[in-house]
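Everything below concerns the one structure shown next.
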Amino acid sequence: MKVYISADIEGVTGVNHWDETEKSEACHEEFAHQMTLEVNAACEGAINAGADEIWIKDAHDSGRNIDHNLLPKNTKLIRGWSGHFYSMVQELDETFDALIFVGYHSAGGTNTNPLSHTMNPQIDYIRLNGQILSEFLLHSYIASYLNVPVVFLSGDLGLCDEVNKVNENIVTVPVKKGVGDSTINIHPQLALELIKGGVEKSLNKNIQLCNIQLPEEFELEIRYKEHSNAFRSSLYPDVELMDPKTISFRNKDYMEIIRAISFLA
Ligand SMILES: [Zn+2]
């Protein structure tokens, strides 16, 4: 079994402030270490369920947070960014049996994580077909396109609630709850136990039930914090400026939506 793990940091237990997510800050190391341990727990769960090949995308900021030495030998770690529009699931393809998300966070436009955002913190929110779009759903639709089931997610409680609404068969492990600019976090070692057990359970279920249905057509809406960004994006082919800070783009092909997001977000 070949498994893909996409890992972010804003949904790792304990992480509360942007400083803790930035490699240039001294406090980053402690939280990058917990990110590594949570990814390792997911690897151990996957291996217990029969995974023999695991690809991991370090998908936060510089893409250089995870310590590969602390992960099992049957893992490949994707560091940095190729520029491909698959972004946080770069190199995902039809040969993978399952997709796992670790350390994921609530979307821009929601109040369930102090660090809520979608792709770029300079964006207020992204909507897809009228609904607030999270990085989870954005990348899950790529997996749907490739027929790879999304089996597990750990992160903040607000995002786990969203995942359960998208498909109740996806196993979720909430490791923290956001309240205003604060977070209520479970113990770091408990998070590891729950992630390991949750991933193992998720891969032992009928993972075909975890497929997420792709809509037949898409209307993308991006609301920027600065009107100048909306103006610039309005020059992309087929983009409409809806108001001084908001643009929209329609297409039936999700690959064109994700390509647009990579240039506009
Ligand atoms: Zn991040």
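Read-outs: derived from the displayed coordinates by stated rules, not from any lab. The structure displayed is predicted, hence computed values, not measured ones. Neighbour counts are summed over all protein chains in view; Cβ atoms, including those assigned to glycine, are modelled from backbone coordinates with ideal geometry.
One table, with the values for the structure above:
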{"quantity": "Overall Cα dimensions of the range 14-149 - principal axes, largest extent first, Å", "calculated": "40, 39, 26"}
{"quantity": "Projected-area mean, the range 145-189, by convex hull of Cα positions, square nanometres", "calculated": "4.2 nm²"}
{"quantity": "With at most 10 neighbouring Cβ atoms within 10 Å, loop trypsin sites (Lys or Arg not before Pro) (DSSP) excluded, longest segment of the chain", "calculated": "74-251"}
{"quantity": "Global form of the range 103-142, assessed from the alpha-carbon gyration tensor, a/c cut-off 1.5", "calculated": "oblate"}
{"quantity": "Global size of the chain as Cα Rg and Dmax, reported in angstrom", "calculated": "17.5, 52"}
{"quantity": "Given charges at Cβ of Lys, Arg, Asp, Glu: the chain dipole, positive-most of I56, I247, N120", "calculated": "I56"}
{"quantity": "The range 97-194 - share of DSSP beta bridges that are antiparallel (%, nearest 5)", "calculated": "40 percent"}
{"quantity": "Selection of GluC sites (Glu not before Pro), the range 160-217, meeting DSSP coil and at most 13 other Cβ within 10 Å", "calculated": "E168, E216, E217"}
{"quantity": "Over the chain, relative contact order from alpha-carbon pairs under 8 Å, at least 6 apart, %", "calculated": "21 percent"}
{"quantity": "Filter on K2/K57; K2/K196; K2/K176 - keep pairs with C-alpha separation over 19 Å", "calculated": "K2/K176"}
{"quantity": "Length added when fully stretched, N48-H33, from 0.36 nm per residue minus Cα-Cα", "calculated": "3.1 nm"}
